[in-house]
Amino acid sequence: MNPLRRFDTIALDELVATASLLTRVDRKYVVPRADLVRVFAALDAATRVLEMDGARDFAYESVYFDTPDLLSFRMAAQPRRRRFKLRTRTYLDTGTSYLEIKTRGARGATVKDRDAYDPAHRDVLSKDARADVADALSTIGVPSERAGHLDATLMTRYRRATLLVGDGARATVDTDLAWLEPDGSGFTLPHLAIVETKSAAAASAVDRLLWRAGHRPATISKYGTGLAALHTELPRNRWARLLRGPFAGAQPIGPAPRSDTRPRCSPPSDTAHRPEEASCSAAA
């Protein structure tokens, strides 16, 4: 039985209007799904779950872009005050995509830009996208020409449910977690969930229940932790506890056969004259 079925539903517009009023403190947890069922069972009945078109969880896909020397990854792994993360996020149920770039400058301020993107080309950067990324990189001291070196490096897929808790906090629950490289190889964590709570400064009811069950906030990045799990030669100290613990139970998956529904393997239009920089982008 789906444990989310015990909660009343909330529409997206109401959820956004309610949760956007919060001064948010974000906490992330990596939790066995069996423990999560017990947390759901203990939540107040006033908890509500996002529902759209009769569904209460939704398929997400993110394609992350990085340079051949993994500049974005290394800036996060260090970690450095100046850093960036670039991805397309696709809502597979609706077929809509967005290009998202998050930058953090020397003073620690984080800027996130998000624009609609062509879902048919979500695994490549258009010429216009590269120009926008170049401008964003220059604001944090990264040479703008590095935008021309960016290619798809890693894909993540998962299903997400969103809860509005009785105390006004929000929580997202990601399951069916999978990480895939451009050749289709990767791994999955079918027995785990990533929970992110968003609340005012005080801990939410979800936080307190997770703490009571023995779970503490974790330092996790789907991109950084996933890439470090796939490549043991990369810097991994920042995520060492997770890599030795929950991620050690990852189930490997091999290259998948291609189909027309998967992102295509083609070079970005503005790097076609540089074959050495064109790469096969992430396969589903």
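The values are calculated or read from the model by the stated rules, or taken from the named source; none is laboratory data. Every value quoted in this text rests on a predicted model; they were computed, and no experiment measured them. In this analysis, Cβ positions are derived from the backbone assuming ideal geometry, glycine residues included, and neighbour counts consider all displayed protein chains. Protein only, heavy atoms only, side chains kept; ligands, DNA and RNA dropped before computing areas. Shrake-Rupley method; radii C 1.70, N 1.55, O 1.52, S 1.80 Å.
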Residue check for W211: open to solvent by 40 Å² or more (accessible area, probe 1.4 Å) and not in a loop (DSSP other than H, G, I, E, B): yes
Candidate set: region 82-94, residues that are in contact with a Lys or Arg (Cβ under 7 Å, 6 or more places away or on another chain) and either open to solvent by 70 Å² or more (accessible area, probe 1.4 Å) or among the polar types (S, T, N, Q) (or both); chosen: the one nearest to Y60 (Cα to Cα): T90
Among the candidates T110, T103, T23, residue that is in contact with a Phe, Trp or Tyr (Cβ under 7 Å, 6 or more places away or on another chain) and modelled with pLDDT under 95: T103
Matching residues in region 95-116 - criterion: being open to solvent by less than 30 Å² (accessible area, probe 1.4 Å) and either in contact with a helix residue (DSSP H, G or I) (Cβ under 6 Å, 6 or more places away or on another chain) or closer than 26 Å to A229 by Cα (or both): S97, L99, E100, I101, T103
Residue check, A218 open to solvent by 20 Å² or more (accessible area, probe 1.4 Å), touching a residue at least 40 places away in the same chain (Cβ under 8 Å) and aliphatic (A, V, I, L, M): no
Verdict on R5 being open to solvent by 60 Å² or more (accessible area, probe 1.4 Å), closer than 18 Å to L150 by Cβ and modelled with pLDDT under 95: no
Test: residue in region 176-193 that is in contact with an Asp or Glu (Cβ under 7 Å, 6 or more places away or on another chain) and surrounded by 18 or more Cβ atoms within 10 Å (Cβ to Cβ): yes
Only listed residue being buried (at least 21 other Cβ atoms within 10 Å of the Cβ) and in contact with a Pro (Cβ under 6 Å, 6 or more places away or on another chain), chosen from L125, L163: L125
